[in-house]
1. Would you mind getting me the FRET efficiency between A:Phe26 and B:Glu18? Use the beta-carbon distance for r and R0 = 35 Å, nearest 0.05.
2. Contact order normalised by length for the range B:59-147, with contacts defined as Cα pairs under 8 Å and 6 or more residues apart; what percent is it?
3. If you rank B:Asp53, B:Asp156, B:Asp197 by fewest surrounding Cβ atoms within 10 Å, what's the result?
4. Report the calculated FRET efficiency for B:Glu413 and B:Glu94 (r = Cβ-Cβ distance, R0 = 35 Å), to the nearest 0.05.
5. Using the reciprocal of the averaged 1/r over all distinct C-alpha pairs, how large is the Kirkwood radius of the range A:345-416 in Å?
6. For B:Ser351 and B:Trp183 in one chain, what is 0.36 nm times their gap in residues minus the Cα-Cα distance, to one decimal in nm?
7. Please label the shape of chain A as rounded, prolate or oblate, based on the square roots a ≥ b ≥ c of the eigenvalues of the alpha-carbon gyration tensor (a/c under 1.5 means rounded; beyond that, a/b larger than b/c means prolate, else oblate).
8. Running a GNM on chain A with Cα contacts under 10 Å, which residue among A:Thr76, A:Thr28, A:Thr260 ends up with the highest mean-square fluctuation?
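Laboratory data are not the source of any read-out in this text; all were calculated from the coordinates shown. Since this is a predicted model, take the numbers as computed values, not measurements. Neighbour counts are summed over all protein chains in view; Cβ atoms, including those assigned to glycine, are modelled from backbone coordinates with ideal geometry.
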There are 2 protein chains.
Amino acid sequence: MRDMLGREELITVEKALELILKHIPFKTPAEINLTIGDSYGMIISRDIFSPEDLPVFDRSTVDGFAVNSADTFGATESFPSYLSIKDEILMGEEPEFELKKGEAAKIATGGMLPEGADAVVMLEHTQQVDERMIEVVKPVAPGENVIKAGEDAKKDECILKRGRRLRPQDIGVLAGLGITDIWVYEKPRVSIISSGDEIVPADKPIRPGQVRDINSYNLSGLILNAGGIPVRRGIFSDKYEIIRDVVEESLRDSDMVVITGGSSVGTKDMTARVINDMGKPGVLFHGVSLKPGKPMIGGAVGNVPVFGLPGHPVAITVCFELFIEPVLKRLTGAVNTAIPVTRGTVKARISRNISSSSGREEHVSVAIEERGGELWAVPILGKSGLITTLIKADGMVVIPLRKLGIEAGEVVEVRLF
Amino acid sequence: MRDMLGREELITVEKALELILKHIPFKTPAEINLTIGDSYGMIISRDIFSPEDLPVFDRSTVDGFAVNSADTFGATESFPSYLSIKDEILMGEEPEFELKKGEAAKIATGGMLPEGADAVVMLEHTQQVDERMIEVVKPVAPGENVIKAGEDAKKDECILKRGRRLRPQDIGVLAGLGITDIWVYEKPRVSIISSGDEIVPADKPIRPGQVRDINSYNLSGLILNAGGIPVRRGIFSDKYEIIRDVVEESLRDSDMVVITGGSSVGTKDMTARVINDMGKPGVLFHGVSLKPGKPMIGGAVGNVPVFGLPGHPVAITVCFELFIEPVLKRLTGAVNTAIPVTRGTVKARISRNISSSSGREEHVSVAIEERGGELWAVPILGKSGLITTLIKADGMVVIPLRKLGIEAGEVVEVRLF
């Protein structure tokens, strides 16, 4: 079999992705300053350092009595230590007294230790003798039940590194340190160009022979979910000059360009030619051993990746996950961690045999159904142009390159949408 | 061991959740009308029906020639059928001719079949004889490579059911049907009340004894991710009248109320009392066999769930996932599907022994590290008041109720943040 550049074999998904990632140098995205309340999910663009010691004072981690630990050594139920109650430490207040030998001060979780105290005895290890006196029935070690000033973070310590995606708890910690605005990377802009003489906007009536623009809406949502900003450029006729002009315009203010439709072999196919004519390196692969998604084009103009996607809506979803999402992730400025990229998956039994050609990776849409307490993956078959199959599918099952199919009853992993 | 309502045993996580879900009746959320471009991730509030047949015409699913299938019966490489080329069908155009016996018309994927045609022969199963004539080398059955009008969706067919969360491809299909605005449920509003005399806002300097408000920022992000709208009410003193007033005010315009801090046993603990005094059913559980998160309070005032969370930031994350998220999901109007709620997980080997008390469910924060090509889950130990542990953790490992611990080297499932 020849691919569309005339090579003998279609390129594999793995090699195609490698090729495109090799040509997209890590270009540092632009920065913006945001308040932390607007920064959930953003990628930080500068290392963040602690502006102060955290905590700024010695804090209790339990409800109990602040003590000098030496006063409790050897204390047991039978031979408790007796300590006189000096005072109660109020939350949010700095204690204005010093704890002397033989004294204890009532303290709540989070309270500040007074001078002279180095540990806290938990309430349940004490007995109130009278208003002025407690028994301690268990000893505490120095520092026990206390977080020392600076123990959590030291002033000027790097607490979050550039390239980190901010999770809710990270924003919480920033608030805890008094950091209320930060530098983050701008989200990458992805231009979506819909091509095809038969395509009309979703809000216009259609005549026989025409269809409405589905793919730019599907792609916009996928781009949003992956951390990009979709820019729907509109619908354009399959003419070389028209597509070239809108690609040229898009390249000026986009971090990525995606063209849908117009990438099957035929007289109207000029996506590849436009990409090559716009600049180096141009088209990097055209045609992948993948179903659906075989006619896909991947390339770049300078630093900007440009993709040509087949018009079939299911192929859009598959090509997005395999190619566009990993490239987009690189453009966000996020630094890779040891954690593999995961999405929700579920194990289920496949409800019927599925055959696949060896030599191509096949992605099969499935619906998840519960039958007799077990989950089943029911392949959604149907002609490749059907679009309501998109609604019925809950996820995808992958049949790898060298596997010939799946037998009914086999347990498969479904990658959920 | 007694729980905080004086019962002999702490309630399990499972029973506590059951109790609270039983008291939160499914109340239909308010609806709003949105354009589809603003509806990604929203829950639809009315069944959606197809306004027309989809497609509205018979479409080709391949590049090739529209034919009358009877003309190709018996065609082989050795004995091809000869058909005369009538015309070429342009994309987006309605063919203005009728195909007669012995005729074929060139057609691209998505093109409209002319009258008289009932199938399409793929380009690769034809040979061009001359400008006016093709050979067909393989027969096609009636309807082959064609999607009939209405085959994808019939007019008035229900295509999306109420309670469905809209994914990118669902919005694509709506666009394809010409549906550009829809009714969706408003997102539930969750009031967050931070209580504690020692808490100051993130943008204010702190004095010794004070700490900044971490939890309302952490909770806001968790609520956003779960499909709710966080409303940060502010920071309030641990006084009965003050907390009662802000809870009362919050109940008026919120679908859920979450109070952080003030739920450990102590003189300043009045969250439970406020919940009971606001209305029935009041507090449903107070104290759960869970670590961290044991002092948690769950209750409801009328239809509105009210939670009291311990002040410890790691406990906030655990209690949110186990209790608040499932209740919030019910409030969104989303209808449960057969698919279990999943979040990203990863298998890893635990790097050290972890012990746990039988009789409570324990959630251990871990960092994921790659060591020698394998993933390891490294428990993040440290005193319970430390907050930078939140930054270091990549996820949680659960030690179930009846398990006493995990041995170093054991493979565990890490629920990623």
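1. Working: r = 49 Å, r/R0 = 1.41.
Working from the Cβ atoms, E equals 0.10.
2. Working: 236 pairs, mean separation 39.0, N = 89.
Value for the range B:59-147: 44 percent.
3. Working: B:Asp53 17, B:Asp156 11, B:Asp197 20.
By the 10 Å Cβ count, ascending: B:Asp156, B:Asp53, B:Asp197.
4. On the way: r = 56 Å, r/R0 = 1.61.
Here the calculated transfer efficiency is 0.05.
5. On the way: mean 1/r = 0.0812 Å⁻¹.
So the Kirkwood estimate lands at 12.3 Å.
6. Working: separation 168, 0.36 × 168 = 60.48 nm, distance 5.00 nm.
Here the answer is 55.5 nm.
7. Prolate shape, in that a/c is at least 1.5 and a/b is the bigger ratio.
8. Comparing A:Thr76, A:Thr28, A:Thr260 in a Gaussian network model of chain A, the most mobile one is A:Thr76.
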